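The values are calculated or read from the model by the stated rules, or taken from the named source; none is laboratory data. Since the structure is predicted, the reported quantities are computational estimates derived from the model, not experimental observations. Quick reminder, even Gly has a Cβ in these numbers, built from the backbone with ideal geometry, and neighbours come from all protein chains shown.
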Amino acid sequence: MAKETGLPEQSRYVFERQTGVLETLLPYCLQRQKDGRWLVLNRNYQPICHLNNDRTEVRTLFCLKGLGPKTRQKLCVHGSGGVIIHLYNGGCHPMDSRDNRDKYLKKLEILARFETREERY
């Protein structure tokens, strides 16, 4: 019997561990760069990227100028998020419970407020 997740059928696919969608396409952590920007990484610690209109790969760097200590604490699952901010870990995976998922989505909502810039690698 399938575990009840409280998600609409269309959304379940994104959060199922076995599909790898959450781990590959959505943010797992933010890593501070030397110049103060934050690079968004997936669960495999690879930069999240997408294809531009010209089909070139682009990795998105977050320019989080207002990411102060209080915001870092809200985002980070443990600690203060000095160099790496983990949005979730194995103990609070978004698929394990509705509460974990809601907390993760709230963190994505916070991230969505910040300016992003695309840089080609």
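Observations, loosely collected:
- Members of region 76-111 found to be over 19 Å from Val21 (Cβ atoms), touching a strand residue (DSSP E or B) at 6+ places or on another chain (Cβ under 8 Å) and either among the hydroxyl-bearing types (Ser, Thr, Tyr) or surrounded by 14 or more Cβ atoms within 10 Å (Cβ to Cβ) (or both), listed by number: Cys76, Val77, Gly81, Ile84, Ile85
- Of all the numbered requirements in (1) at pLDDT 85 or above; (2) out of contact with any Leu (no Cβ under 8 Å at 6 or more places or on another chain), Arg43 misses one, and that requirement is (2).
Per-residue answers, yes or no, for (1) surrounded by 15 or more Cβ atoms within 10 Å (Cβ to Cβ); (2) under 18 Å from the mean Cα position of the chain (by Cα); (3) at pLDDT below 65; (4) among the acidic types (Asp, Glu):
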| position | (1), (2), (3), (4) |
| --- | --- |
| Leu7 | yes, no, yes, no |
| Thr19 | no, yes, yes, no |
| Leu25 | no, yes, no, no |
| Arg32 | yes, yes, no, no |
| Arg37 | yes, yes, no, no |
| Asn52 | no, no, yes, no |
| Phe62 | yes, yes, yes, no |
| Gly66 | no, yes, no, no |
| Lys74 | no, yes, no, no |
